[in-house]
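Colleague: So that we are looking at the same thing, I have put the structure below in structure tokens.
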Amino acid sequence: MFDPANCHVERIGQDDYLVRWRLPEPDQRVAVYMSESPDRYYSGGEPGTPILYTSENEALIHNPDKTVRHYFYLQSEQGEAIILAERQLKLQGSPNFRDLGGYQANDGRRLKWGRLYRSSKLSTLTDADMQYVRRLGLTLICDFRQVVEQELEPSRIHIENSPLLASLPVTPGSSASFLENLHNGIIAVRDAAGFMEEINRDFVINQMPQYAEMFQLLLAGDQQLLIHCASGKDRTGVGAALILDVLGVSEETIVSDYLLTNKYLPIENEIARVSREFTDHAGSAISEEVLRPLLELRPEYIRACFEEIKKRYESKEHFYQTALRLDTDQVKRLKDRYLH
């Protein structure tokens, strides 16, 4: 069997893919296939014609078309196979745009690649980005930004047979005074890390109806989903965590995915940007000591969300039914649709 933890696709520059894998027995011959759609690999039919055979544990593959996303199917000489794709999509205007595919669920199945995405705002997509996103086949986009954010920075999505754009505003924190200060360009937080934990607890206490609506929209058809907010970290981070949790992904893996934002969204750039746009109550520049815990993601933030769920609900199933409006049959339908 391929070791999924050591199977990755990375982009080398803008042109080439570096595909890496590990098998328990070294020097096995591996056939590598590439396609613009993962459906042919999930359908159980013939994968097509290999683009190469190798006995190495990696392959450098030329990207034949930079305007489209590629998926890889690896098959060993003993018949084991694995489907791979890049985690991060290379978009200039939305660097935190990524795929939730490939993660293992507790029943041994894995999330399909190319079906569930998460990102930051779409207002800064370049023309090339828009062409790339157009070919992903999205059918549903859930925008967790507040209405004022959506109006000030409308998404750049102009697609034939446009996806359903669902406005599901999630309020980041229950404190009205915090939001009022934020809209006035003021950040007034004493214990920034503790505040971020409280925000994540508040998601569970006050924001579940919006996430429940996301699941109902997801159930309405065979959707290819994108969820996003402004930076793609807090509101989107909770949305992605809930999707992964409902599909049976372990909390450890959910935390790991949550923390990938620190890799794809350069924290130093974000600190510099926010320090220019906001001040404290006295009108002074905000210190990095305050900004860093507000802008980076830490394991305890998303764990606070799960702790609040455990505190308020008898079980995961109780939480799904009560807060997310998902019964056992609906959870099964989601798993059958998005796992393989």
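The values are calculated or read from the model by the stated rules, or taken from the named source; none is laboratory data. These numbers were taken from a predicted model, which means no experiment stands behind them. Neighbour counts are summed over all protein chains in view; Cβ atoms, including those assigned to glycine, are modelled from backbone coordinates with ideal geometry. Just so you know, the surface numbers come from the protein's heavy atoms only, side chains and all, with ligands and any DNA or RNA stripped out. Shrake-Rupley method; radii C 1.70, N 1.55, O 1.52, S 1.80 Å.
Colleague: Would you pick out the residues in the stretch 57-71 that are more than 16 Å from Leu91 (Cβ to Cβ) and of a type outside the set (Val, Ile, Thr)? Outline the logic, then answer.
Modeller: Within the stretch 57-71, the first condition is being more than 16 Å from Leu91 (Cβ to Cβ), and the residues that meet it are 57-62, 64, 71.
Residues satisfying the conditions are Asn57, Glu58, Ala59, Leu60, His62, Pro64, Tyr71.
Colleague: Filtering the stretch 31-53 down to residues that are touching a Phe, Trp or Tyr at 6+ places or on another chain (Cβ under 7 Å) and not in a loop (DSSP other than H, G, I, E, B), which residue is most open to solvent (accessible area, probe 1.4 Å)?
Modeller: Out of the qualifying residues, it is Met34.
Quick grid of which residues meet (1) among the β-branched types (Val, Ile, Thr); (2) buried (at least 19 other Cβ atoms within 10 Å of the Cβ); (3) at pLDDT 80 or above; (4) out of contact with any Cys (no Cβ under 8 Å at 6 or more places or on another chain):
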| residue | (1), (2), (3), (4) |
| --- | --- |
| Glu289 | no, no, no, yes |
| Leu297 | no, yes, yes, yes |
| Tyr301 | no, yes, yes, yes |
| Lys310 | no, no, yes, yes |
| Tyr313 | no, no, yes, yes |
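Colleague: Could I ask something else about it? Condition first: farther than 17 Å from Ile12 by Cα and modelled with pLDDT of 95 or more. Can you find one or more residues in the stretch 58-72 that meet it?
Modeller: Taking the stretch 58-72 and keeping what is farther than 17 Å from Ile12 by Cα, we get none.
The answer is no; no qualifying residue exists.
Colleague: Among all residue pairs at least 6 apart or on different chains, which show Cβ distances below 9 Å where the first residue, located in the stretch 227-246, is more than 27 Å from Leu152 (Cβ to Cβ) and open to solvent by 10 Å² or more (accessible area, probe 1.4 Å) and the second is among the basic types (Lys, Arg) and assigned to a helix (DSSP H, G or I)?
Modeller: Close Cβ pairs satisfying both conditions: Asp245/Lys316.
Here is a yes/no grid of residues against (1) β-branched (Val, Ile, Thr); (2) part of a loop (DSSP other than H, G, I, E, B):
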residue	(1), (2)
Gln78	no, yes
Pro95	no, yes
Leu165	no, no
Val170	yes, yes
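Colleague: For residues in the stretch 255-264 being over 18 Å from Cys142 (Cβ atoms) and part of a helix (DSSP H, G or I), which is most open to solvent (accessible area, probe 1.4 Å)? Steps first, answer last, please.
Modeller: The initial filter retains those residues of the stretch 255-264 that are over 18 Å from Cys142 (Cβ atoms), namely 255-256, 259-260, 262-264.
Now restrict to residues that are part of a helix (DSSP H, G or I): 255-256, 259, 262-264.
Working: Val255: 8, Ser256: 67, Leu259: 51, Asn262: 60, Lys263: 143, Tyr264: 30 Å².
Here the answer is Lys263.
Colleague: Is it the case, given these coordinates, that Ile159 is open to solvent by 10 Å² or more (accessible area, probe 1.4 Å), more than 20 Å from the chain's Cα centre (by Cα), at pLDDT 95 or above and of a type in the set (A, V, I, L, M)?
Modeller: Working: open to solvent by 10 Å² or more (accessible area, probe 1.4 Å): yes; more than 20 Å from the chain's Cα centre (by Cα): yes; at pLDDT 95 or above: no; of a type in the set (A, V, I, L, M): yes.
Judged against the criteria, Ile159 is not a match.
Colleague: I need the full set of residues from the stretch 97-124 which are aliphatic (A, V, I, L, M) and either buried (at least 22 other Cβ atoms within 10 Å of the Cβ) or on the phi > 0 side of the Ramachandran plot (or both), in order please. Before the answer, list the steps.
Modeller: Initial filter on the stretch 97-124 (aliphatic (A, V, I, L, M)): 100, 105, 111, 116, 122.
Those that are aliphatic (A, V, I, L, M) and either buried (at least 22 other Cβ atoms within 10 Å of the Cβ) or on the phi > 0 side of the Ramachandran plot (or both): Leu100, Leu111, Leu116, Leu122.
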